[in-house]
Amino acid sequence: MIAAMWSGGKDSCLAVQRFVKSGGKVDRLICMLNENNTSRAHGLSMEALSRQAEAVGIEAVFGSSTWERYGDVLRRIIEEFGIRRVIFGDIFLEEHRSWIENFCSKIDVRPVFPLWGDDTLSLAEEFVAEGFEAYIIAVRKDVDVPILSKKFDEELIETLVNAGIDPCGENGEFHTFVVDGPLFKRKVEFRFGRVWENEKYLGLEVAFNRGQ
């Protein structure tokens, strides 16, 4: 069985897209949440991630944990479903890749990095060119460019580059929510809800109207 780590954002989505285009099949999407049942950086609810996974047509598996228990919970999910390969959307953070490889080696799982080492501007442009639709739902507080809620498109990429921001936000500058594209069987209809804030980020809730 093959799974993908799924944040709801563009990088994990593009990693799956590349894997599928190469002839692979993804059986599960692993969504890791914090102890409050929202994704840590993106601030996405379980409902938002569930609706997204349903629109993609791949079953989501959820794990909820503190940072300290993250590895234990992820390992339990992988072992429970008999997962042998896991796709990651990492691009260039060596420390994170080292942690992943060390973790996977201990449980005899093969990590796959479809985006690794590629130029982030090229990846951002590829995401848009593939026909994906995404919106910025969280921005690090030290980013002084007004990009929250903006559609991730060619114009936004140009804005990011001109502001000296990594086009993929690989340094944690921003996070996205993908609502449509070639992986999707249908579009995720949503609205922006309340504004939320934590120590590092300012974000927008991904909300849904009744009956959606």
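Assorted remarks:
- Every test in (1) open to solvent by 50 Å² or more (accessible area, probe 1.4 Å); (2) over 17 Å from the mean Cα position of the chain (by Cα) is passed by residue 65 save one, and that test is (1).
- When residues in the range 39-62 are screened for being among the β-branched types (Val, Ile, Thr) and either more than 16 Å from residue 190 (Cβ to Cβ) or surrounded by fewer than 19 Cβ atoms within 10 Å (Cβ to Cβ) (or both), 2 of them pass.
- Set 97, 110, 85, 75: member being of a type outside the set (Asp, Glu), more than 26 Å from residue 158 (Cα to Cα), open to solvent by 30 Å² or more (accessible area, probe 1.4 Å) and under 16 Å from the mean Cα position of the chain (by Cα): 97
- Looking across the range 153-178, the residues that are in a loop (DSSP other than H, G, I, E, B) and either polar (S, T, N, Q) or open to solvent by 30 Å² or more (accessible area, probe 1.4 Å) (or both) come down to 153, 163, 164, 171.
- Any pair with Cβ under 6 angstrom, 6 or more apart, that starts in the range 88-114 at a residue that is farther than 21 Å from residue 19 by Cα and without any contact (Cβ under 8 Å) to a residue 24 or more places away in the chain and ends at one that is of a type in the set (A, V, I, L, M, F, W, C) and surrounded by fewer than 18 Cβ atoms within 10 Å (Cβ to Cβ): none
- Close pairs (6 angstrom Cβ cut-off, 6 or more residues apart or separate chains): among the hydrophobic types (A, V, I, L, M, F, W, C) in the range 10-36, in a strand (DSSP E or B) and open to solvent by less than 10 Å² (accessible area, probe 1.4 Å) anywhere: 13/178; 15/87; 16/4; 19/87; 26/4; 29/4; 30/3; 32/63
- Filtering the range 179-212 to residues that are at positive phi and open to solvent by less than 20 Å² (accessible area, probe 1.4 Å) leaves only 181.
- Of all residues making up the range 13-25, the number that are within 19 Å of residue 100 (Cβ to Cβ) and either buried (at least 24 other Cβ atoms within 10 Å of the Cβ) or of a type in the set (A, V, I, L, M) (or both): 4
The values are calculated or read from the model by the stated rules, or taken from the named source; none is laboratory data. Predicted model, so just to flag it, every value in this text is computed and none were measured. Please note: Cβ atoms are built from the backbone with ideal geometry, for glycine as well, and neighbour counts cover all protein chains shown. We work out accessible area using only protein heavy atoms, side chains counted, and drop any ligands, DNA or RNA first. Shrake-Rupley method; radii C 1.70, N 1.55, O 1.52, S 1.80 Å.
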